[in-house]
Amino acid sequence: MTPLPDVLKDRAYAAATEMYASPHICTVSDDHRRARQAAARTSTSRRHGDAIARRGLRRSAVAAVVLTLATIPALVAPGWSAVSPARKCAAAKAKATAAKASAKVACYRTAITKNVDVDPDCLAKAEAKFAKAFATLEAKGGCATSNDAGDLEATVDAFVDDVVTALVPNGGFPTPTPSAAGTPGPTATPAPTPTCASPLTHSDGLGDTYLDCSPLGTPGDATTYTVLMATEARDAWPMGPSQNRAQLCGAPASAAACVVKRTTTDCAVWCYSGAVAGYVRAVTGGKGVCQCPTTTDPAWN
């Protein structure tokens, strides 16, 4: 910066001396200065008061939060904290249980839409995921309950079966009226009971018998079975009162036609077509869960 010439410095000093030597200017300057000082004091006081008020509000808010948090343990079960392993495990088990129910209902929804029996692979996938989740959670430790996967699985299976039973009419859905270009599907209505001079004694595969004029069926040979025989085998099983219906078992491409008898605690499924023709599976003493038979189950004829 270039310094001011001495002549300019002298003029500036003289002007300043003349201004402060004037009583009028001095008076105005003093009043102005005193007003500014008073305003500054007022502003400082206001800011100080606002700061105190803000600190008071913050303290009140913190006190309210502390008081609220202090009351929460009274609402939690004894021995459980908000972040306890037991609570985390129970929540995770509930999530896995809900996921299993949703997955199995989705399997049945697909089967109902396609007018086929539920895909066993779809159900098995839901069950495997559920079992793995429970095993992983209990291996970590800290769960309030243990070894309860079986009980919850039975509860879910009964719920899913109740949903399907409530939505699917007894005997299955009515056969749609075929269009001009379509062909009618199989009907679930059994044929009239035949009459003959010497009916044969058949087995329902569960320790009971029924009479029918047809030759005894050969398990695994669908040509030796009829829907009438399956219906008679079902009716011979003395469980009841029951809900009876028709259903398909197996994957859509190779589904077997079957009949079902279900009570509140028991369910049996007799198949009369496909690879499992002549086989029956009964699940008793539970919650009426129905399962499709396999070739390792008892045979009926």
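Some points to look at:
- Applying the set (1) surrounded by 15 or more Cβ atoms within 10 Å (Cβ to Cβ); (2) at pLDDT 90 or above to Ala94 leaves exactly one unmet item: (1).
- Search result, residues across the range 100-111 that are exposed (fewer than 15 other Cβ atoms within 10 Å of the Cβ) and either of a type in the set (A, V, I, L, M, F, W, C) or in contact with an Asp or Glu (Cβ under 6 Å, 6 or more places away or on another chain) (or both): Ala106
- Strands (runs of 3 or more DSSP E) (entirely within the range 227-301) containing at least 2 residues that are among the hydroxyl-bearing types (Ser, Thr, Tyr) and either farther than 18 Å from Val160 by Cβ or at pLDDT below 85 (or both): none
- Matching residues, the range 133-158, being of a type outside the set (Gly, Ala, Ser) and either more than 22 Å from Val289 (Cα to Cα) or touching a Lys or Arg at 6+ places or on another chain (Cβ under 7 Å) (or both): Phe134, Thr136, Leu137, Glu138, Lys140, Cys143, Thr145, Val156
- Just one of the listed residues (Asp221, Asp208, Asp235) is free of Cβ contacts under 8 Å to residues at least 60 places away in the same chain and more than 16 Å from Cys267 (Cα to Cα), namely Asp221.
- Filter result for Val283 (without any contact (Cβ under 8 Å) to a residue 24 or more places away in the chain and either under 22 Å from Asp119 (Cα atoms) or touching a helix residue (DSSP H, G or I) at 6+ places or on another chain (Cβ under 7 Å) (or both)): yes
- Residues that are in contact (Cβ under 8 Å) with a residue 60 or more places away in the chain and part of a helix (DSSP H, G or I) were ranked within the range 113-158; the one that is surrounded by the most Cβ atoms within 10 Å (Cβ to Cβ) is Asp157.
- Among the residues of the range 205-222, those identified as in a loop (DSSP other than H, G, I, E, B), surrounded by fewer than 18 Cβ atoms within 10 Å (Cβ to Cβ) and at negative phi are Asp208, Cys213, Ser214, Pro215, Leu216, Thr218, Asp221.
The values are calculated or read from the model by the stated rules, or taken from the named source; none is laboratory data. These numbers come from a predicted model, not from an experiment. Methodologically, a virtual Cβ is constructed for each residue, glycine included, from the backbone with ideal geometry; neighbour enumeration extends over all protein chains shown.
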